[in-house]
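A.B. asks: The structure follows.
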Amino acid sequence: MTLEEKAAQLGSVNADRVVEDGEVDREAAEEWLEHGIGHLTRIGGEASLAPADAARVTNELQEILGETRLGVPAIPHEECLSGYMGPEATTFPQMLGMASTWNPDLLQEVTETIRGELEGIGTVHALSPVLDVARDLRWGRVEETFGEDPYLVAAMACAYVDGLQGEDRSDGITATLKHFVGHGSTDGGKNRSSLNVGRRELYETHLFPYEATISEANAESVMNAYHDIDGIPCASSEWLLTDVLRGEFGFDGTVVSDYYSVRHLETEHDTADTKVEAGVQALEAGIDVELPYTDYYGEYLVEAVENGDLAEETLDESVRRVLREKIRKGVFDDPEIDIDAAADAFHTEEAREVTGRAARQSMTLLKNEDDLLPLDVDSVAVVGPKADDKKELMGDYAFAAHYPEEEYESDAITPLEALESRDLDVVHEQGCTISGPSTDGFDAAADAAGEADVALAFVGARSAVDFSDVDAEKENKPSVPTSGEGCDMTHLGLPGVQEELVEHLAETDTPLVVVLVSGKPHAIEWMAESADVPAILQAWLPGDEGGPAIADVLFGEYNPGGRLPISLAKSVGQLPVYYNRKANTANKDYVYTDSDPVYPFGHGLSYTEMEYGDLSLSDDSVAPLEPVTASVTVTNTGDRAGAEVVQLYTRAANPSQARPVQELTGFRRVELEPGESKRVSFELSPTQLAFHDESMTLTVEEGPYEVRIGRSAADIVATEDLAVTTSKAVPKTARTYFAESSVEDAE
């Protein structure tokens, strides 16, 4: 291979440079693909192509590549956080909602379904999932994450990858873990701002999900984060992308740049003066492929080698990785896509069933005073700006939200549509817009509520990707995104006048249910405490089948079993409120406010009652590498079938350093019929209790520990003491990342 051909394999070309009005711009394509290319960037999604057209255009671009000197095909990649981010795709619940299911097996089904749609258009590489641990709720991208806990994030991420990649590397879609690393805790909760954490917290909180997912699910790709860590941009950190990722974690796939992050070395971080310097910094750090365009690699890497600023061996190593991945994914064997079959892969009955099941399981009942829910009424007032807009059911990486100006045709069912399909008298008044200041619709909304048996207020933030500049006029606009990428906020309240609308409805004599359809974890303290708001349902962003799922829960056809994957703060000034803070942070109060969240991690109510028996341990004293089994019996003592999420926490009772007040080390979602009992067991490894000692060696420390079973992090129902007999450094070959759980009938 010539230098130009090698460098081309480390680049990419975006659909907007080679596709115009749904057709390949042959002249432009032949110019951009002259020496080959590494990746084709979002041919279907970026160009807004229907599945058959996406397949056709991809085939034509691969054909052009086949006519180059070497004929090396490209890797087509797409986004798929909550489903393929392109026209006609099935949209599943946003990932914070999927995390609320606490059901990794279900998430694997979801991503197996996404995989089928991606395969239909010839995609072999996907830029998902997000493994950021969400610690600052101001950050707009919290909705993309699996929440605040590294264990839950890792468990859900493994399931996501298993479903997308399949059992064999040659079969499925390459999953990309992002954003490596720590993007969920940056300064001020702002996208791309600096991260300043200690090395121990970096490893134990932010790096843990990546290490676990690489080790347990063999993730094939990683994407760097935008920010710097203690002054070193992730995009130019050899320590992070090579020493840790490849050396310590044993990662053997490709590292792709987050979009434009190589550029940011010159334009944002200012660590590079030229395109050549930025490209060299990124490649030497360990970024194999520049996305979404070849702007800083390509000719600039060639120039760097020729000038002696880059070793050709460094270039060769990344080229080998890219070519190896192309061989593994089979693009050399037969890059042509079956155009006729492409459309058939989309919106199947199986996909609709899976997304409906996922939406129902994600529903999280936060409050239900006097058992207002499930409803048994003849008439409902449906109020609020989230009640009847298909796009308002979608997360920021759904096609509808990512391209808000695009004409959007969808089979999604809104809550209003779902309620109107029932044998109900339904009156609808919007009341207000998402973010506008007008209260002109309040009185009509209150009148509608006054004439109904119950009022349903559908409120929340609009989700989208928004990179627009600060605009003083935004406060007057009716639908400003305040959740999603680039939508970071200084408050956690409902946007616009939605909170005032809820207050107005609460003043009527009609029972009120607030349904939060939002990716933003809102501060809702007054609603939680007010007797005038007897019920609150957190629906997150539930996707195509969100409306029916909400209606099924409200009227009792489905018993909610979701649990919060993130703690809900009382106000933005209370942050941080994540459950596994250290004691001196968790226990210190403000002058007028305590440190407790309004609803804690793991919280969620049901329409039935679950009773726990005593917790038992197979042994009360174990060696550092000796597993112990923790078991508890759960009984459904109510008259409805339901789900319980059994949560296993551990606590170091007398550690040598300040440790979190408790840490999640296992969980299991269990379905129980009325009167049914199940014995839930967790095989816990003491290596799960390990932390990095003073010399940064991962060590199981001798001493007392407490094993806890909880309904939530704040509702511990049973505890037992456990002693580890000696201290031991944990070799990587002996490390256990997850507690194995099992369920059997109780005797």
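The values are calculated or read from the model by the stated rules, or taken from the named source; none is laboratory data. The structure presented is a predicted model; accordingly, all values stated were derived computationally and were not measured. Positions of Cβ are generated from backbone atoms using ideal geometry, with glycine treated the same way; all protein chains shown enter the neighbour counts. All accessible areas refer to the heavy atoms of the entire protein, side chains included, with ligands and DNA or RNA removed. Shrake-Rupley method; radii C 1.70, N 1.55, O 1.52, S 1.80 Å.
A.B. asks: Express the carbon and sulfur contribution to the solvent-accessible surface of segment 258-410 as a percent, rounded to the nearest whole number, probe 1.4 angstrom.
C.D. replies: 39 percent
A.B. asks: Which parts of segment 417-459 would a label at D378 reach, counting a residue when its backbone N lies under 13 Å from a point 7 Å out along Cα-to-Cβ?
C.D. replies: It comes to 424-426, 452-454, nothing else.
A.B. asks: Quick one: Karplus J couplings for segment 153-166, per residue in order, coefficients 6.51, -1.76, 1.60, θ = phi - 60°, nearest Hz, x for Gly and Pro?
C.D. replies: 4, 5, 5, 5, 5, 4, 5, 4, 5, 4, x, 6, 8, x
A.B. asks: Here is a follow-up. How much of the DSSP beta bridge set in segment 599-747 is antiparallel, as a percent to the nearest 5?
C.D. replies: Once the DSSP bridges in segment 599-747 are tallied, antiparallel ones form about 95 percent.
A.B. asks: Does segment 377-501 classify as rounded, prolate or oblate by the C-alpha gyration tensor (a ≥ b ≥ c root eigenvalues; a/c under 1.5 gives rounded; else a/b over b/c gives prolate, otherwise oblate)?
C.D. replies: It is oblate, given that a/c is not under 1.5 and a/b is not larger than b/c.
A.B. asks: At 222 nm, what helix-only mean residue ellipticity would the chain give, in deg cm²/dmol to the nearest 500, using -39500 (n - 2.57) for each DSSP H run of four or more? Before the final figure, lay out each step's value.
C.D. replies: On the way: 22 runs with 193 residues, N = 747.
That calculation yields -7000 deg cm²/dmol at 222 nm.
A.B. asks: Per residue of segment 492-502, in order, report the coupling 6.51 cos²θ - 1.76 cosθ + 1.60 (Karplus, θ = phi - 60°) as ³J(HN,Hα) in whole Hz, putting x for Gly and Pro.
C.D. replies: Karplus-based 3J(HN,Hα) across segment 492-502 equals 10, x, 5, x, x, 10, 5, 5, 5, 4, 4 Hz.
A.B. asks: Per residue of segment 661-666, what does 6.51 cos²θ - 1.76 cosθ + 1.60 with θ = phi - 60° give for ³J(HN,Hα)? Whole Hz please, x for Gly and Pro, Karplus curve as stated.
C.D. replies: Each residue of segment 661-666 in turn: 4, 6, 9, 5, 10, x Hz.
A.B. asks: While we're on this one: What is the gain in length, in nm to one decimal, between E473 and E23 on full extension, counting 0.36 nm per residue of separation less the C-alpha to C-alpha distance?
C.D. replies: Numbers: separation 450, 0.36 × 450 = 162.00 nm, distance 3.83 nm.
Full-extension gain reported as 158.2 nm.
A.B. asks: Right, next: Label segment 302-431 by shape, choosing from rounded, prolate and oblate, from the square roots a ≥ b ≥ c of the eigenvalues of the Cα gyration tensor; if a/c is under 1.5 it is rounded, and otherwise prolate applies when a/b is larger than b/c, oblate when it is not.
C.D. replies: Values: a/c = 3.08, a/b = 2.48, b/c = 1.24.
The shape class here is prolate.
A.B. asks: Nearest-5 percent of antiparallel DSSP beta bridges in segment 166-292?
C.D. replies: Counting DSSP beta bridges with both partners in segment 166-292, the antiparallel share is about 20 percent.
A.B. asks: Right, another one. Cα gyration tensor of segment 252-324, axes a ≥ b ≥ c as square roots of the eigenvalues: rounded (a/c below 1.5), prolate (a/b > b/c) or oblate? Provide the component values of the computation, followed by the final result.
C.D. replies: Numbers: a/c = 1.92, a/b = 1.18, b/c = 1.63.
Taking the square roots of the gyration eigenvalues as a ≥ b ≥ c, segment 252-324 is oblate.
A.B. asks: Could you state the number of Å between the C-alpha centres of segment 181-243 and segment 246-320?
C.D. replies: Centre-to-centre distance over Cα atoms comes out at 18 Å.
A.B. asks: As a quick test, which of the pairs K570/K678; K367/K474; K190/K367; K588/K728; K520/K678; K190/K477 have an alpha carbon distance above 28 angstrom in this structure?
C.D. replies: Distance filter (> 28 Å) returns K570/K678; K367/K474; K190/K367; K588/K728; K520/K678.
A.B. asks: Suppose we keep just the DSSP beta bridges with both residues in the chain; what percent of those would be antiparallel, to 5?
C.D. replies: 60 percent
A.B. asks: Something else now. Quantify, in whole percent, the carbon and sulfur part of the accessible surface of segment 646-747 (1.4 Å probe; protein heavy atoms only). If you can, show how the numbers build up before the last one.
C.D. replies: Numbers: 1880 of 4600 Å².
C and S fraction of accessible area: 41 percent.
A.B. asks: If I compute solvent accessible area with a 1.4 Å probe over the protein chains, what percent of it on segment 532-599 is carbon and sulfur?
C.D. replies: In segment 532-599, the share of accessible area belonging to carbon and sulfur is 46 percent.
A.B. asks: Determine the dipole magnitude for segment 375-468: charges of +1 sit on the beta-carbon of Lys and Arg, -1 on that of Asp and Glu, nothing else is charged, the reference point is the Cα centre, and the result goes in debye to the nearest 20.
C.D. replies: 400 debye
A.B. asks: Placing unit charges on C-beta atoms (Lys and Arg positive, Asp and Glu negative, everything else neutral), compute the dipole magnitude of segment 253-407 about its Cα centre in debye, rounded to 20.
C.D. replies: 540 debye
A.B. asks: In the neighborhood of G484, defined by Cβ-to-Cβ distances under 11 Å, what is the net charge if each Lys or Arg adds +1 and each Asp or Glu adds -1?
C.D. replies: -3
A.B. asks: For segment 1-46 and segment 426-495, write down the distance between their C-alpha centroids in whole Å.
C.D. replies: Between the Cα centres of segment 1-46 and segment 426-495 lies a distance of 41 Å.
A.B. asks: Follow-up question, since we're still on this one. Quick one: net charge of E248's neighbours, Cβ under 10 Å, K/R +1, D/E -1? Don't jump to the answer; show the numbers that get you there.
C.D. replies: Numbers: positive: R246, K732; negative: E211, D243.
Charge balance near E248 sits at 0.
A.B. asks: Once amide H atoms are built 1.01 Å from N in the peptide plane, which residues 5 or more positions from F555, or in another chain, come under 5 Å H to H?
C.D. replies: L375
A.B. asks: Give me log10 I(q)/I(0) at q = 0.15, 0.17, 0.22 Å⁻¹ for segment 101-175, Debye formula, one equal scatterer per alpha-carbon, no solvent.
C.D. replies: At q = 0.15, 0.17, 0.22 Å⁻¹ the computed log10 ratios are -0.52, -0.64, -0.94.
A.B. asks: Might you tell me the accessible area per residue for the chain, computed with a 1.4 Å probe and given in Å²?
C.D. replies: In whole numbers, the chain has 36 Å² accessible per residue.
A.B. asks: Where does the charge balance sit around A658 when Lys and Arg score +1, Asp and Glu -1, over other residues with C-beta under 12 Å from its C-beta?
C.D. replies: On the way: positive: R200, R581, K582, R659; negative: E201.
Value of the local net charge: +3.
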